[in-house]
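Participant: Pasting in a structure now, in structure tokens, and then I'll have a few things to ask.
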Amino acid sequence: MRISLRRSVVAGTTLLLAVGLSACSTGPSVADACATTNKDLSALVTDAQNIVMNSASDPAATAAGTKKLTEQFTALEKKIENEDVKKAVAPLGAAYAALDADVAKATADSSNTAGVLDAMEKFLDASKKAQAEYRKVCAA
């Protein structure tokens, strides 16, 4: 009787340990993923601010800059391993992609600097909403 009880305890403990370890190996926690993502986002936000500041004076550089930002953001999204954080970051990626497309359209006509500014304004609105959602996920 004692042997079967001991075996049951060992088997149960082994099962719990296996389940616990498999749950840990699914990827980083939301907090860990947010901490890693925040570093990369900070660099992207700084680059985006510089592009916005110079958008009226150099539309061609703005188009090149937004394309580069979109590529960097796509790379960032691919690095994120936590699904909750990835979902929260996706709208930011969409905002960057829309900005790139809008700026490319606006700069096709070199006299359309207002189009570039409109694209920037649209991006800033979308970006603020997406950042608020990201902060909510990371604060949880």
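Participant: Between ALA132 and ALA104, what is the FRET efficiency for a Förster distance of 30 Å, r being their Cβ-Cβ separation, to the nearest 0.05?
Facilitator: Details: r = 27 Å, r/R0 = 0.90.
Efficiency at R0 = 30 Å is approximately 0.65.
Participant: Which of the aspartates and glutamates could a cross-linker span from LYS129 if the Cα-Cα distance has to be under 15 Å and same-chain partners fewer than 8 positions apart are dropped?
Facilitator: Excluding near neighbours in sequence, the set is GLU121.
Participant: Moving on. Can you list the lysines whose alpha carbon sits under 26 Å from that of LYS122, skipping same-chain ones fewer than 8 residues off?
Facilitator: List returned: LYS39, LYS67, LYS68, LYS78, LYS86, LYS87, LYS105, LYS136.
Participant: I need THR70, THR37 ordered by Cβ neighbour count within 10 Å, fewest first. Present the calculation step by step, with values, prior to reporting the outcome.
Facilitator: Working: THR70 19, THR37 23.
So the ranking, lowest neighbour count to highest, is THR70, THR37.
Participant: So how far apart, in nm, are the two label points at ASP32 and ALA114 if each is 7 Å from Cα heading toward Cβ?
Facilitator: For the pair ASP32/ALA114, the computed spacing is 5.2 nm.
Participant: Can you put LEU69, LEU124 in order, fewest other beta carbons within 10 Å first?
Facilitator: Working: LEU69 20, LEU124 14.
Least to most surrounded, the residues fall as LEU124, LEU69.
Participant: Tell me, in nm to one decimal, what length is gained between LYS39 and ALA64 on full extension, where the rule is 0.36 nm per residue of separation less the Cα-Cα distance? Intermediate results must be reported in sequence, preceding the final value.
Facilitator: Numbers: separation 25, 0.36 × 25 = 9.00 nm, distance 2.29 nm.
Extra length available between LYS39 and ALA64 comes to 6.7 nm.
Participant: Quote the FRET efficiency, to the nearest 0.05, computed for ALA90 versus MET53 with a Förster distance R0 of 30 Å and r equal to the Cβ-Cβ distance. Mind showing how you got there, number by number?
Facilitator: Details: r = 26 Å, r/R0 = 0.88.
According to the calculation, E is roughly 0.70.
Any read-out appearing in this document is the output of simple, stated calculations on the displayed coordinates, not a laboratory observation. Worth saying up front: this structure is predicted, and the values here are computed from it rather than measured. No Cβ is skipped: glycine too gets one built from the backbone with ideal geometry, and neighbour counts run over all protein chains shown.
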